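Participant: First, the structure itself, so that you have it in front of you.
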Amino acid sequence: QVQLVESGGGLVQPGGSLRLSCAASVSDFSPYYTAWYRQAPGQSREVVAVIGESSITAYADSVKGRFIISRDNAKKTFYLQMNSLKLEDTAVYLCNLRRGIENYWGQGTQVTVSS
């Protein structure tokens, strides 16, 4: 059973930074497509950033220029560096790992941006 373990959430002031991590318990991490999603209260889940097995990245317009997604295949871990955080970035952030019909989710980590 594949598990994704997230860490790095917390409370931060507007303009601050946080780094989320997601460690995967898979034998071969490199072929997987990885992504970060978020879900705010009363809202639907939305994709924040993705990074493919070739390390090509894509971002939601709302986070472009502020967030950076990266991956370390040797550590079987991917990251979301979040800078210049805004109040509207408050949400539960979930990591996602997929390949073909395989689709795995992390447990979610709360990110709260508040003054």
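Participant: Taking the stated definitions as given, is Ser54 modelled with pLDDT under 95 and out of contact with any Pro (no Cβ under 7 Å at 6 or more places or on another chain)? Can you show your working first?
Facilitator: Working: modelled with pLDDT under 95: yes; out of contact with any Pro (no Cβ under 7 Å at 6 or more places or on another chain): yes.
In short, yes.
Participant: Right, Val5: open to solvent by 20 Å² or more (accessible area, probe 1.4 Å), out of contact with any helix residue (DSSP H, G or I) (no Cβ under 8 Å at 6 or more places or on another chain) and within 14 Å of Leu94 (Cα to Cα) or not?
Facilitator: yes
Participant: Quick one: count up the residues across region 79-95 that are open to solvent by less than 10 Å² (accessible area, probe 1.4 Å) and part of a strand (DSSP E or B).
Facilitator: Residues in region 79-95 being open to solvent by less than 10 Å² (accessible area, probe 1.4 Å) and part of a strand (DSSP E or B): 5 in total.
Participant: Let me ask something else about it. Does region 20-39 hold any residues that are surrounded by 14 or more Cβ atoms within 10 Å (Cβ to Cβ) and either in a loop (DSSP other than H, G, I, E, B) or not polar (S, T, N, Q) (or both), and which are they? Don't jump to the end; show me each part of the working.
Facilitator: Applying the first criterion (surrounded by 14 or more Cβ atoms within 10 Å (Cβ to Cβ)) to region 20-39 yields 20-24, 26, 29, 32-39.
Passing the criteria: Leu20, Cys22, Ala23, Ala24, Val26, Phe29, Tyr32, Tyr33, Ala35, Trp36, Tyr37, Arg38.
Participant: Out of Gln43, Gln107, which single residue is in contact with an Asp or Glu (Cβ under 7 Å, 6 or more places away or on another chain) and open to solvent by 80 Å² or more (accessible area, probe 1.4 Å)?
Facilitator: Result of the check over Gln43, Gln107: Gln107.
Participant: Based on what the data block shows, is Gln13 open to solvent by 60 Å² or more (accessible area, probe 1.4 Å) and under 18 Å from Val113 (Cα atoms)?
Facilitator: yes
Participant: Considering every residue within region 45-59, establish whether at least one is assigned to a strand (DSSP E or B), in contact (Cβ under 8 Å) with a residue 60 or more places away in the chain and within 16 Å of Val111 (Cβ to Cβ).
Facilitator: Within region 45-59, not a single residue is assigned to a strand (DSSP E or B), in contact (Cβ under 8 Å) with a residue 60 or more places away in the chain and within 16 Å of Val111 (Cβ to Cβ).
Participant: How do the pairs read when you match residues in region 76-90 that are closer than 13 Å to Leu11 by Cα with residues anywhere that are among the hydrophobic types (A, V, I, L, M, F, W, C) and surrounded by fewer than 17 Cβ atoms within 10 Å (Cβ to Cβ), using Cβ under 7 Å and keeping only pairs 6 or more apart or on different chains?
Facilitator: Between residues of region 76-90 that are closer than 13 Å to Leu11 by Cα and residues that are among the hydrophobic types (A, V, I, L, M, F, W, C) and surrounded by fewer than 17 Cβ atoms within 10 Å (Cβ to Cβ), the close pairs are Thr90/Ala40.
The values are calculated or read from the model by the stated rules, or taken from the named source; none is laboratory data. If you're wondering where the values come from, they're calculated on a predicted model, not measured in any experiment. Counting neighbours? That spans all protein chains shown, and the Cβs are built from the backbone with ideal geometry, glycine included. Ligands, DNA and RNA are stripped out before the accessible areas are found, and what is left, the full protein with its side chains, is counted by its heavy atoms. Shrake-Rupley method; radii C 1.70, N 1.55, O 1.52, S 1.80 Å.
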